[in-house]
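Single-structure report; data block below.
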Amino acid sequence: MEGRERRRLTFLGLALCCLLFIVGQQEERRLEAAAAVQAGEAVVTGARLYSENCRKCHGSRGEGLGQLGPALADQHFFTGRMAEVGWLLDLDQYVAATVAGGRMMATRPLYAGNGTTAVMPPWALDQGGPLRVDEIIAISRFVMHWRATALGTIILPVIDLPPADRGDPATIKAGGKVFSTLCLSCHALPDLPGGQGGPTLAGIGVAASGRTPGLSATEYIRQSVLIPDAFVVEGYDEKTDTQGCGALLSEVQLEAVTAFLLQRN
Amino acid sequence: MYNGDFFQSSLRGQQRVEAKSQVLPGISSFFFHLRPRHYPAGSIQFSNTLYLGFFTALFLAVEVVTGILLMVYYTPTPASAYQSVQALALVPFGQLLRDLHRLGGDLLVLSAFLHMVRVAISGSYKGPRRFTWLTGSVLFFLVLALAFSGYLLPWDQLSYWAVTVGTGLFGALPGIGSWLLEILRGGPEIGAGGLLRFYVLHVVLLPVAVLPLLAVHYYRVARLHGISPPICTAARRNSDNLRTVSLWPTVAVRELQLTLLTLFLLIAIVAFAYDAPLGEPANPLRTPSHIEAPWFFLWAQGLLGICPATLPALVLIITPGLLLLLLPWYDRRQRRPFGQRPWFALALLVSLCLLLVLTFLGARIQQPISHSPETLLDALVPVDGHGPLHTLAYDELTLGVHTVGSVRTDTKISSGLEQLLTFIDSRLRGAAESQRFSESSSVLIIETIQPEVKRITLRQSVRLKDSTAARTFERTVYRHGFGETSLLSGAKK
Ligand code: HEM
């Protein structure tokens, strides 16, 4: 009886040691896997945050959007940009620092903005922005992860996407109002006689997607209003100096009027 | 200089002359002081106690050891709590540590509860053991408080909002409610102050409260009354209960065996089959669509779900605790075998069933019930956390624009994706049958946006019953294929 109990004890002790040994053996591989997974998780979080916060200036694929923001998925950004601005640390630190603090003034005249607000607002919480430190790091990881495609070492497969249809009736209705008050003075629509300052916007929902390669219809309409010079409709080259497109509108108004125009195809 | 004589004299009345052989007897007498040398044979009889008190104490010890080690890595501030927990996975044996602490804590709650049920069934709370029961009940509340306060510490959406709602209940108390709320949360809502408070509760106040209480509890069981003997025939009682077993080796070996076995199972489960959950980081500005209480409070959530107002629910939540605490004082009859206590048996059975039903209700409540397009999308692609789109492996996400509900012959897609599309289709049909919208079509777009990063968009066009215009709803998630080649369970999905 006594002997059996002790043998059982020894057996259990040995079994526990074996288990600990096996777990110890695997720990290194587990650590590697965990590191990879966390790196991936950070990039994925970064992708979401980028699309929520940065896309509207830097483009949904980091291609840059006119005068709003420079390209990030870009060879020059990964090879020459650090030397250009005299940054001494690594590029990922440059990205994180830039994102955290934003930019009061642009380093290039193209992005000069209107001189009253920061060309890129600060994003870090402690600088008055909306993002936590780990979120800034995640976005930076995502931006840095463009390196391979930007340098052309990897080419990703492309698929044909169906156009997004922003069919929310409330937004469209609001957009129609914005259009009548702010755009109708220059633009006409088939059922809405308007001013002659700009081209008629009949069929713009379809035309927009073909205007600038790489820009979606939505992005093109936004750009037309925000950066009139980026693409000038034939016959308006001279007029734009005095009578350029554009109106002062809020982000919400722009969203709405874009949705409104996209419906008119 | 060390003066053995002086030391001895201060501890005991008599002086010992020889100092050289003091060490071993000293150590052993220390242990014999903690624990009696002899026990009634019934103490180590499994059918008597199911060893549940022992397991509870063992899990508590596991919690203390792993908890102290976790403190080395954990930072109790909103800015870094989540990261410090996440970073544990990158520390050698850090994930193991965290999983052990989490699983051990759950088992602690469970075994303390079962221990209580065992004591209730065997009627061991009566007579001189009333006070033991009282200390035990307070211990149980402390264990629950420990589990609940620890629940907040990872600072993810799940824990943050569960604790926000949980503490919010106290606000319904008349008079002291808002005051209590402020003390618990350290402000109008849980922030840096609240996190620190819960941390201090979890690692200092509650453990410090548990230890002396446990000492009293154990002292009363082991020294004062002994474990209550099984009630059975007089003949067996004499033969069984008058026999004693000694601490060394019989009881100690048995306890060591149990300890080793438990540790073996615990570590094996944690290493190969269990990962402590960690959701999205806490975001005080975004209330998730589902808030779920920790499992040991799901019954309270169930109760809240069926109660029209918070205050009655709160009363219903607190009353059973008081009833439990005072059980020996209103059930004062002589100790009898369980079979001869039909009313008590019935009450116990009904309470346990009620607990289970309410827990089940609590778990159900988070399921969305309406079939509006938003809730439908929410179920398929939750804003926080993981939904069906996360169940597929990265490689199973075949690139392309996949129309939900149509027969695909052109492109080859993975079988997992095929199943997912069928699943989405069935959910959509279910919603259509509920007649909320007359027509709907969906596409699932899967594209690669960066090496090893895919964007998955579920875009749904519906025509609502009462309107002619089609509306589009869409949700996007991103997936990555990093480290997909590794075979380990440690890799979270
Ligand atoms: C931290 C939690 C607890 C620990 C570590 C603990 C530990 C123990 C231990 C080791 C025993 C010896 C007998 C056995 O193993 O069953 C015991 C007995 C006992 N416990 Fe607990 N206990 C805890 C909580 C509770 C609770 C929640 C209750 C009831 C409300 C309770 C009531 C009792 C009673 C009445 C006895 C005497 C049983 C008898 O004489 O048969 N304890 N406890």
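Details
- Label positions at residue B:68 and residue B:272, each projected 7 Å from the Cα along the C-beta direction, are separated by 3.0 nm.
- Contour excess over end-to-end distance, with Cα ends at residue B:90 and residue B:351 and 0.36 nm allotted per residue: 89.5 nm
- Take every pair of alpha-carbon atoms less than 8 Å apart whose residues are at least six positions apart; their mean separation over the length of chain A yields a relative contact order of 16 percent.
- Estimated vicinal HN-Hα couplings, Hz - segment B:280-295 in sequence order (Karplus 6.51, -1.76, 1.60; Gly, Pro = x): 5, x, 4, 9, x, 8, 10, 6, x, 6, 10, 10, 10, 5, x, 3
- In order through segment A:95-100: 3J(HN,Hα) via Karplus (6.51 cos²θ - 1.76 cosθ + 1.60), integer Hz, x for Gly, Pro: 4, 4, 5, 5, 5, 4
- Report summary: the helix-based calculation at 222 nm, which adds -39500 (n - 2.57) for every DSSP H run with n ≥ 4 and divides by the residues of chain A, gives -16000 deg cm²/dmol.
- Averaged over residues, the count of other Cβ atoms within 10 Å places the peptides B:310-323, A:126-139, B:208-221 in the sequence A:126-139, B:208-221, B:310-323, highest first.
- Average beta carbon contacts from partner chains per residue of A:142-149, 10 Å cutoff: 3
- Spatial offset of segment A:1-24 relative to segment B:319-335 amounts to 43 Å, using the alpha carbon center of each.
- Length-normalised contact order for segment A:55-150 - Cα pairs under 8 Å, 6+ apart - percent: 25 percent
- For residue A:120, distant residues with modelled amide H under 5 Å away: A:103
- Segment B:35-294: relative contact order as a whole-number percent, Cα under 8 Å and 6+ apart: 34 percent
- Karplus-based coupling profile of segment A:26-34, in residue order and whole Hz: 7, 4, 5, 5, 5, 4, 4, 4, 5, with θ = phi - 60° in 6.51 cos²θ - 1.76 cosθ + 1.60 and x standing for Gly or Pro.
- Counting, for every residue in A:40-51, the Cβ atoms of other protein chains within 10 Å of its Cβ and taking the mean gives 5.
- With the highest mean first, a sort of the peptides B:272-283, A:191-202 on other beta-carbon atoms found within 10 angstrom per residue produces B:272-283, A:191-202.
- Exercise: per-residue mean of other protein chain Cβ atoms within 10 Å, A:12-25: 4
- The slack between residue A:159 and residue A:184, meaning 0.36 nm per residue of separation minus the straight C-alpha distance, is 5.3 nm.
- Residues whose amide H comes within less than 5 Å of that of residue A:129, counting only those at least five positions distant or on another chain, are A:124 (H built at 1.01 Å from N in the peptide plane).
Bear in mind that the values in this text are calculations on the coordinates, not laboratory data. Every value quoted in this text rests on a predicted model; they were computed, and no experiment measured them. Backbone-built Cβ (ideal geometry, glycine too); neighbour counts: all protein chains shown.
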